[in-house]
Amino acid sequence: MSATTNTGEEAQLTQTIEMFEIITQSQPQDYQSLEILKEAYLKLGRTQEAVKTSKRIADAYVQLGQLSSAILEYETILQRDAHDKDALAAMAEIESKANSLSATASDAERVSDNHQKKVPGKTPAQTDTIDDGRQAMFKIFVESKLITAGDFEICWNTPSLTDAPEKIFDPFVQLLAEKGLTPLDKSLRLILDRSRLGYLFLEKYDVDMELARSFPRETCQRWCVLPFDRMSKSVLVATANPFNKQAALELQKATPHRILWYIVPPLEITKVLRKVFR
């Protein structure tokens with residue numbers, strides 16, 4: 001154990017490791033969960049496990065096509081051990097891939113720039129409307145022909161930003177399930193596939209209730225989101241709609257730390273929110 005941790009912190013970090021090892025085994029490309037796992041290992045002074053996790057992070061980046069992020073992760077490993085054979089071999093392979101893709105990427109960027117110059121309409125400066133994830137969810141559920149546009153309108157709620165919510169608003173996927181339009185597990189799988197985020201069973205997690213209460217009640221109830229833990233410079237937040245930029249914006253105003261979304265079944269979120277904001 002690291003000299004900077006006490007017995008209580010060690011127990012919490014051990015629980016974090018157990019939970020996130022399970023998550024990352026079933027979701028090996030969930031790099032944000034791997035980052036949390038690495039941080040926990042480092043805090044406990046378990047350097048060997050931290051390095052192994054760092055390699056898993058780099059591999060996840062490679063699988064997702066984020067080669068520059070993978071290179072940075074391997075460089076971190078090499079700063080600790082300049083002769084790490086796995087990291088050196090992986091770096092050489094990644095740099096070869098990056099060089100072969102660079103010309104194609106440059107061409108794509110030029111095409112994109114030309115297209116943006118030619119297309120009239122709204123400009124990026126137009127930010128009057130909130131982005132609560134509606135457009136992303138519409139693409140997932142309607143444009144894929146899973147539900148009709150009419151069903152979408154029935155189940156999509158846009159809460160008021162000025163009036164304080166009197167209750168926790170049920171997320172879109174919960175309403176879809178209650179109306180028999182799409183089973184909840186199927187909706188969550190679709191969102192996981194699109195967002196590439198981690199899935200977590202909140203009922204098995206030791207939620208930091210005081211942390212949750214440090215965030216605005218209105219935000220948590222309006223968007224059915226729950227900040228449930230903090231790891232280093234990140235706050236972990238449970239949601240059923242990770243595309244909700246307005247919720248992220250409101251949460252970010254309440255903390256200097258980075259917000260990390262985790263997909264959680266809505267009823268588990270509401271159950272804990274009722275305990276937090278009694």
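The values are calculated or read from the model by the stated rules, or taken from the named source; none is laboratory data. Everything quoted here is computed from the prediction, not taken from an experiment. Don't worry about glycine lacking a Cβ; one is built from the backbone with ideal geometry, like all the others, and counts go over all protein chains shown. For the accessible areas, the whole protein counts, side chains as well, though only heavy atoms, and no ligand, DNA or RNA atoms are used. Shrake-Rupley method; radii C 1.70, N 1.55, O 1.52, S 1.80 Å.
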Quick one: is L146 over 19 Å from the mean Cα position of the chain (by Cα), surrounded by 15 or more Cβ atoms within 10 Å (Cβ to Cβ) and at pLDDT 90 or above? yes
For segment 253-278: of the residues being among the aromatic types (F, W, Y) and touching a strand residue (DSSP E or B) at 6+ places or on another chain (Cβ under 8 Å), which is least open to solvent (accessible area, probe 1.4 Å)? Y262
Of everything in segment 165-175, what is surrounded by 11 or more Cβ atoms within 10 Å (Cβ to Cβ) and assigned to a loop (DSSP other than H, G, I, E, B)? Give them in sequence order. P165, I168, F169, D170, P171
For A212, indicate whether it is in contact (Cβ under 8 Å) with a residue 60 or more places away in the chain and either in contact with a Ser or Thr (Cβ under 9 Å, 6 or more places away or on another chain) or surrounded by 17 or more Cβ atoms within 10 Å (Cβ to Cβ) (or both). yes
Return yes or no: is V272 assigned to a strand (DSSP E or B) and either over 14 Å from the mean Cα position of the chain (by Cα) or modelled with pLDDT under 95 (or both)? no
Flagged pairs (Cβ under 7 angstrom, 6 or more apart or on separate chains; first in segment 7-28, surrounded by fewer than 18 Cβ atoms within 10 Å (Cβ to Cβ); second of a type in the set (D, E)) are Q15/D206
Going through segment 138-159 one residue at a time, which ones are closer than 17 Å to W223 by Cα and touching a residue at least 40 places away in the same chain (Cβ under 8 Å)? P159
Sole miss for L200 among (1) modelled with pLDDT under 95; (2) surrounded by fewer than 20 Cβ atoms within 10 Å (Cβ to Cβ); (3) in contact with a helix residue (DSSP H, G or I) (Cβ under 7 Å, 6 or more places away or on another chain) is condition (2)
What's the number of the only condition in (1) at pLDDT below 95; (2) surrounded by fewer than 21 Cβ atoms within 10 Å (Cβ to Cβ) that E178 fails to meet? (1)
Sole miss for H83 among (1) at pLDDT 90 or above; (2) surrounded by 12 or more Cβ atoms within 10 Å (Cβ to Cβ) is condition (2)
In segment 224-252, what residues are at pLDDT 95 or above, part of a loop (DSSP other than H, G, I, E, B) and either open to solvent by 10 Å² or more (accessible area, probe 1.4 Å) or more than 26 Å from D185 (Cα to Cα) (or both)? N241, P242, F243
How many residues of segment 24-51 are among the acidic types (D, E) and over 21 Å from the mean Cα position of the chain (by Cα)? The answer is 1
Would you mind telling me which numbered condition in (1) closer than 27 Å to E9 by Cβ; (2) crowded, with 20+ Cβ neighbours inside 10 Å S187 fails? (1)
